Amino acid sequence: MNAASPYEVQELPEVTNGRDNSMRSEKFDVVILGGGNAGIGVTGPVRRAGMSVAMIESHDLGGTCPNRGCTPKKVLVAAGHALHEIERAAIHHISVGKPKLDWSALIDREKDLIKDIPANLARSMARRDVEVIKGHAAFAGPNAIRVGGRRLEARHIVIATGSKPRPLSIPGAEHMITSDEMLSERELPGSVIFVGGGVISLEFGHVYARAGADVTILEALPQLLPAMDVDAVAHPDRERAHRHSGQDGRRRETDRACE
Ligand SMILES: Cc1cc2nc3c(=O)[nH]c(=O)nc-3n(C[C@H](O)[C@H](O)[C@H](O)COP(=O)(O)OP(=O)(O)OC[C@H]3O[C@@H](n4cnc5c(N)ncnc54)[C@H](O)[C@@H]3O)c2cc1C
């Protein structure tokens, strides 16, 4: 294990956690599959209830949100907001020069800000007396889990394994990247097409557009942010987007930020 890597779950000191190791199967009250927000959220109440808990995580403790989702994305979004504020400075009679964003350095900052999260969460789980096991969990029976060479039995098994991107069955899909790669891409692209006009797409689109890329958002449904109320979306939709009809759905283009 490389202790310097933010993407490794740190090994935890052995904790007793009330479990019974005397049998071949280790017994816990609760085994949680997945150490993301959902899995970690379960640990508090069940530990407060006095239950013994093991949590199995195959990748980064913290899961998507802090490692390759909400948190790194917010670092980029903050830079987008800063550019927006600079653009608006003249309203306050402040003169500023044209800002220049060093995209590669911004990605470095994003990585730096999240790098300690898995280790911090590992310490937090150790304090909570939750045993974190690194590995890929699989069911070995209705109440049994296999991970590595270990077999765990539990009265309660919590499946909190999250989700992963679904490959699109369209021509050219092999050229597409996901948010995972975007958050590591050190070169600012000249133009970006987002498939889907949801929150994540609009946030990333805002940042890329502010940074100077041409941004296109493709949305098949009648409005951007389709999960949100129509009236909440009406303003950005009307003000920011220029609408075209396309064969495969509605195409919305913007040459500036969608906020
Ligand atoms: C780019 C991006 C930005 C986002 N921004 C926001 C935001 O701003 N606000 C917001 O509310 N939400 C945001 N989200 C959504 C948020 O990240 C997810 O809703 C949240 O992370 C889901 O948590 P989870 O615990 O259910 O799943 P995850 O965080 O995905 O955790 C599941 C964990 O289970 C592990 N796992 C899977 N299978 C196994 C197995 N067999 N054995 C062991 N471990 C396993 C995985 O490695 C993973 O760590 C964003 C998502 C993305 C991708």
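Nothing in this text is a laboratory measurement; each read-out follows from the coordinates by a stated rule. It should be emphasised that the depicted structure is a prediction, and the values quoted were computed from it without experimental measurement. Positions of Cβ are generated from backbone atoms using ideal geometry, with glycine treated the same way; all protein chains shown enter the neighbour counts.
Structure notes:
- Applying a threshold of 30 Å to the alpha-carbon distances of 74/100; 27/74; 98/164; 111/164 flags 27/74; 98/164 as lying beyond it.
- Note, ³J(HN,Hα) from phi for region 211-221, Karplus 6.51, -1.76, 1.60, rounded to Hz, x at Gly and Pro: 6, x, 7, 7, 10, 10, 10, 9, 9, 6, 7
- The string of couplings for region 182-199 from the Karplus curve (6.51, -1.76, 1.60, θ = phi - 60°) is 4, 6, 10, 6, 8, 9, 6, x, x, 8, 9, 10, 9, 9, x, x, x, 4 Hz, one whole number per residue in order, with x for Gly and Pro.
- Residue exposure sequence - 25, 104, 163 - by fewest surrounding Cβ within 10 Å: 163, 104, 25
- ³J(HN,Hα) computed for each position of region 146-152 - Karplus, 6.51 cos²θ - 1.76 cosθ + 1.60, integer Hz, glycine/proline x: 10, 9, x, x, 9, 10, 10
- Relative counts (whole %) of C-alpha pair distances in region 170-239, using bins that are 10 Å wide: 18, 50, 27, 5
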